[in-house]
Amino acid sequence: MVATSEDVARRAGVSRGAVSQILNGRGARFSAGTRERVQLAAAELDYRPSVAGRALARGSSDIVIALIPDTTFGGNLQDLFESMTDEFAGHGLTLLLRLSGTSTTSLDHLLTGIKPRAVLSLTGFSDEERAVLEERGIRGLESPAPTGGSPIHDIAKVQARHLIDRGHRRLAFAHLRDERQEFYGRAREEAFAAVCLAEGLPAPEVLSLDLGLPDAVEALRMLPARGFGVACYNDEVAIALLAAAREIDWAVPDDLAIIGMDHLLLGQLTSPPLTTIEYDQTTVAEGAGRWALAVLEQPSEVSAEAPPLQLRIIQGGTT
């Protein structure tokens, strides 16, 4: 039998109004003992407040919308949001994922319809999105940058430094060709080029390819010569270039050095195994989730910086 607020009130020895106010975050006028009895009774009865009722009482729902850029991302970002979903659920919140678009009209309709508790973005809001959030009175949560700089830039810097340390002086950056936005790829290409400039190296060649073998072969033939070190947008691009190198009889890593990003299992099954970069997705997800929850519950105590992203090179045979 599903427990009701009346059941909670009866067990805690308080009124239904007190139960509603305490469980909806408006119980400051009640004693700590009363609040504890209500929360304990709700837990013992496995009481789940009505989503519609909570939205009506608070003026907002228990939903937090996470905006995902309509970009080229792999399973790592999906795993990150799956972990965050569990983190939010532990605090009675539902994480709703939504792809960002060029128009904010549909976002405005969504905000009006479900009245979310907040909207979260790991990449920052556009000016148009900020205007919609402000107009609707919805809190926007922009995940703070890790200490030491942008993780997007850090990935490219680690890739560049690794190739340079392995003796490569002619470098290239390989994008995944896609009709969606290249939010991450463009930023990483710029950071990669900045390292080349700082080291006195020529500007990197820029390759763009889909994941088919003919297209990857064509991309390699765009390089002016053999002997390049290539930093790839992700492991899938790196694997495509590795297959293309074999197709045109280029030796890896002598004729072509390749470093990927994501540490996919498939990359460790190639010949030679792929050199790539990994990071602790669980730590990132838990950190982002805790930060967002803290902003919602105790905003005055939240740090403006996140811990640095720990990147680790997985040395394979492609560099």
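Tabulated data for the structure shown
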read-out	value
All positions within region 115-136 that are touching a helix residue (DSSP H, G or I) at 6+ places or on another chain (Cβ under 8 Å) and among the aliphatic types (A, V, I, L, M)	118, 119, 120, 122, 132, 133
Residues located in region 237-257, provided they are assigned to a helix (DSSP H, G or I) and more than 14 Å from residue 318 (Cβ to Cβ)	247
Any chance residue 98 is assigned to a strand (DSSP E or B), more than 22 Å from residue 297 (Cβ to Cβ), of a type in the set (D, E, K, R) and modelled with pLDDT of 75 or more	yes
Considering residues of region 1-28 that are β-branched (Val, Ile, Thr) and in a helix (DSSP H, G or I) only, the residue nearest to the chain's Cα centre (by Cα)	22
Pick from region 13-44, criterion of a type in the set (A, V, I, L, M, F, W, C) and touching an Asp or Glu at 6+ places or on another chain (Cβ under 9 Å), ranking: farthest from residue 297 (Cα to Cα)	41
Odd one out for residue 235, checked against (1) on the phi < 0 side of the Ramachandran plot; (2) surrounded by fewer than 14 Cβ atoms within 10 Å (Cβ to Cβ)	(2)
Residue among 262, 249, 255 that is of a type in the set (D, E, K, R), in contact (Cβ under 8 Å) with a residue 24 or more places away in the chain and surrounded by fewer than 22 Cβ atoms within 10 Å (Cβ to Cβ)	255
In region 4-36, residue surrounded by the fewest Cβ atoms within 10 Å (Cβ to Cβ) [restricted to those that are under 19 Å from residue 93 (Cα atoms) and of a type in the set (A, V, I, L, M)]	23
Residue in region 215-236 that is in a helix (DSSP H, G or I) and either assigned by TED's automatic domain parsing to the domain that holds residue 124 or within 20 Å of residue 155 (Cβ to Cβ) (or both) present	yes
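The values are calculated or read from the model by the stated rules, or taken from the named source; none is laboratory data. All values derive from a computational prediction rather than experimental measurement. Cβ atoms come from the backbone with ideal geometry, glycine included; neighbour counts cover every protein chain shown.
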